[in-house]
Amino acid sequence: MTPEMTLYWLDLTGTFVFGLSGAMLAVRRDLDIFGIAVLAVAAALSGGLVRDMALGATPVAALATSDYLLAALCAAVCVFFAHRQIERLAKPVMVLDALGLGLFAVSGARKALEYGLDPIPAMVVGVLTAVGGGVVRDLLVTEVPRVLREEVYALAALLGAGVVVLADHLAFEPTLSAVAGAVAAALVRILSVYLGWQAPKAPGPRS
Amino acid sequence: MTPEMTLYWLDLTGTFVFGLSGAMLAVRRDLDIFGIAVLAVAAALSGGLVRDMALGATPVAALATSDYLLAALCAAVCVFFAHRQIERLAKPVMVLDALGLGLFAVSGARKALEYGLDPIPAMVVGVLTAVGGGVVRDLLVTEVPRVLREEVYALAALLGAGVVVLADHLAFEPTLSAVAGAVAAALVRILSVYLGWQAPKAPGPRS
Amino acid sequence: MTPEMTLYWLDLTGTFVFGLSGAMLAVRRDLDIFGIAVLAVAAALSGGLVRDMALGATPVAALATSDYLLAALCAAVCVFFAHRQIERLAKPVMVLDALGLGLFAVSGARKALEYGLDPIPAMVVGVLTAVGGGVVRDLLVTEVPRVLREEVYALAALLGAGVVVLADHLAFEPTLSAVAGAVAAALVRILSVYLGWQAPKAPGPRS
């Protein structure tokens, strides 16, 4: 698979699962069909939108073809008709969000490297792409975004992006590295929830 | 009128009415004169800002000339001195917001077509331009944005953008189509409020 | 010092102090070490990110080198270990925020002038750069942004940006003007808090 195709499929899958997470949150908040579509699209496309605007990759990928929009809307339709089946999975929003997090961390870091960014900024673009959609999704329903509420979230995205940047430095095969990074990030995120990992807080009392 | 002039006037009028909607919300929230100016500018310019950043049309139109800023500040001054007169109209924020929604849906879709986007993405750019200012305006005062609370909102913007995209496909006269699209979107939005149109929710219980 | 170096140091210092303000807010909200890092980075980089995306200066400065990211993370580490010492200063978040406000107002206006913008839009870019980081920081913890809650905030940024634009028009030495603008903006902001300056509200009752 060419690097362009890898990036395309990572992005498209991430778009679909983030779309599911947005649509599921909309159903939980009792929004109507349009609210479901808006939240699915916002969750699915915001991360890539910020990534492309920051890199100067315009018109942004989310709008250069209809594919991403259709993937997000397809997620909204799936949730509209099958939210009870999806809800029966354990913590569906969290798991879908974790998968999207991994996929977008990897696609963001990949694209940043292709635009010639240094390793550290490339990893941050990965994190930004991964957390961007969830931040917009949560802010739209006035919740504190997951990235601030949860222990291991930005860190999981950083891990996925780091795998891609390191593999690129070592000239590993990009598609395989991308899949490895995405799986690692999603796994760490999901495990951290089930095992209740805690991150340290600043020592001492606070006013 | 040339297409450039049409776009300019649609944008400028949309900027002014969205500026009024932001300033009226600021008065209702008892903000001071600077809060009124900030909310007017944020409501008036955010939609076009996101549109232009996503298309790569930089420096963004809102900053390439002083015209849009002055239109937004002019709206803030009008509201500062005449908010009681404006308030006497029925639901002034909703009506102003509906007009801005129609105008920006149309200008966003128009500009996206000029940047060579496909029909579906062009319609989404229209919706993004139309709802962007209201989303930023509502988030700044930590309200759930109208686009998620209201039944027919993104749909009205989609209708306006769709008229423009269809008319372009059929090679209709652009200025006339733009005005028709803007009026249709604003009317549908306003009627939906007065007639209490409801959109369907996902079937079944939710946890 | 060359204009590029002036801009670089203004931006880097602003990034660090805004990073401190974000990290201090995270500690006050009892967030863990990753929350501190995320809020520091968001507060430090969002203003410049929006500025560069709006000007079309991509890849954005915050990601074109690692310097700004490291400055923001350095601020997060400082706060993690020394938040009690920083807290002992009077109103540390406010003072740090005021310094960042002045520095970014000046750097934003400077960069906008270099991109050929007119005086009024250049001042607005300064204000946007200055308030952007604080808006994102406050929204992420679902607070109404300081720019809307506080009497003299956008106005102080406008003053700093105005000094730079005026000095450019009069062909004054840029580095000196930039420092003067930044100090003026920060001082006006800090004084307004200590002296309790009030801005007028729209006359008459509101519904």
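Read-outs throughout are calculated quantities, based only on the coordinates presented, and are distinct from any laboratory measurement. The shown structure was predicted, so the numbers you read here are calculated from the model rather than taken from an experiment. Positions of Cβ are backbone-derived with ideal geometry, glycine not excepted, and every protein chain shown enters the neighbour counts.
Key figures
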read-out: Positive minus negative residues near B:Ala112 (Lys, Arg vs Asp, Glu; Cβ under 12 Å); value: -1
read-out: Rounded to whole Å, sorted largest first: equivalent-ellipsoid semi-axes of segment A:52-105, Cα gyration tensor; value: 27, 16, 5
read-out: Net dipole in debye of segment C:3-195 [+1 Lys, Arg Cβ; -1 Asp, Glu Cβ; about Cα centre; nearest 20]; value: 460
read-out: Cβ-Cβ FRET estimate between A:Gln198 and A:Asp67, R0 fixed at 60 Å, reported to 0.05; value: 0.90
read-out: Furthest towards positive pole of dipole, A:Ile33, A:Ala157, A:Ala71, structure part segment A:3-195, Cβ charges; value: A:Ile33
read-out: Electrostatic dipole magnitude of the protein assembly as shown [Cβ: Lys, Arg +1; Asp, Glu -1; Cα centre; debye, to 20]; value: 1860
read-out: Estimated inter-spin distance, C:Cys74 and B:Lys91, nm [label 7 Å along Cα→Cβ]; value: 5.5
read-out: Relative contact order [Cα under 8 Å, 6+ residues apart], chain C, whole percent; value: 23
read-out: Simple spin-label estimate for C:Thr2 and A:Ala82 in nanometres, 7 Å along Cα-Cβ; value: 5.8
read-out: Cβ-based exposure ranking for A:Val106, B:Val135, in which fewest neighbours within 10 Å come first; value: B:Val135, A:Val106
read-out: Shape box of the protein assembly as shown [Cα atoms, principal axes, largest first, Å]; value: 61, 59, 41
read-out: Ascending list, in nanometres, of distances separating the A:Cys74 label from those of the other copies (7 Å, Cα toward Cβ); value: 4.7, 4.7
read-out: Cα centroid of segment A:142-207 to Cα centroid of segment A:104-124, whole Å; value: 15
read-out: Kirkwood Rh in Å, taken over segment C:1-130 so that all alpha-carbon pairs contribute; value: 14.6
read-out: Average beta carbon contacts from partner chains per residue of C:48-57, 10 Å cutoff; value: 6
read-out: From phi via Karplus (6.51, -1.76, 1.60), per-residue ³J(HN,Hα) for segment B:180-197 in Hz, x at Gly/Pro; value: 4, x, 5, 5, 4, 4, 5, 5, 4, 4, 5, 4, 4, 6, 5, 8, x, 4
read-out: Top positive-direction residue, dipole computed over chain B with Cβ charges, set B:Phe104, B:Ala54, B:Ser177; value: B:Phe104
read-out: Against the rule of thumb 2.2 N^0.38 Å, how large the Cα Rg of segment C:117-207 comes out; value: 1.23
read-out: Mean residue ellipticity (222 nm) of chain C, computed from DSSP H runs ≥ 4 via -39,500 (n - 2.57), nearest 500; value: -26500 deg cm²/dmol
read-out: B from A by rotation - nearest chain A beta carbon to the axis, in Å; value: A:Met53, 3
read-out: Rg/Rg_ref, segment A:1-65, where Rg_ref = 2.2 N^0.38 Å and atoms are Cα; value: 1.23
read-out: Pseudo-label separations to other copies for B:His169 - Cα-to-Cβ vector, 7 Å, nm; value: 5.0, 5.0
read-out: GNM top mover of C:Asp168, C:Asp97, C:Asp11 - chain C, alpha-carbon springs below 10 Å; value: C:Asp168
read-out: Inter-part distance where segment C:17-47 and segment C:71-99 are each reduced to a Cα centre, Å; value: 9
read-out: Top of B:Ala54, B:Ala37, B:Ala182 by mean-square fluctuation, Gaussian network on chain B, Cα under 10 Å; value: B:Ala54
read-out: Net charge dipole size for segment B:84-170 [Lys, Arg +1 and Asp, Glu -1 on Cβ; Debye, nearest 20]; value: 300
read-out: Ascending list, in nanometres, of distances separating the B:Glu143 label from those of the other copies (7 Å, Cα toward Cβ); value: 2.3, 2.3
read-out: Fluctuation leader among C:Gly47, C:Gly108, C:Gly35 - chain C, Gaussian network, Cα springs under 10 angstrom; value: C:Gly35
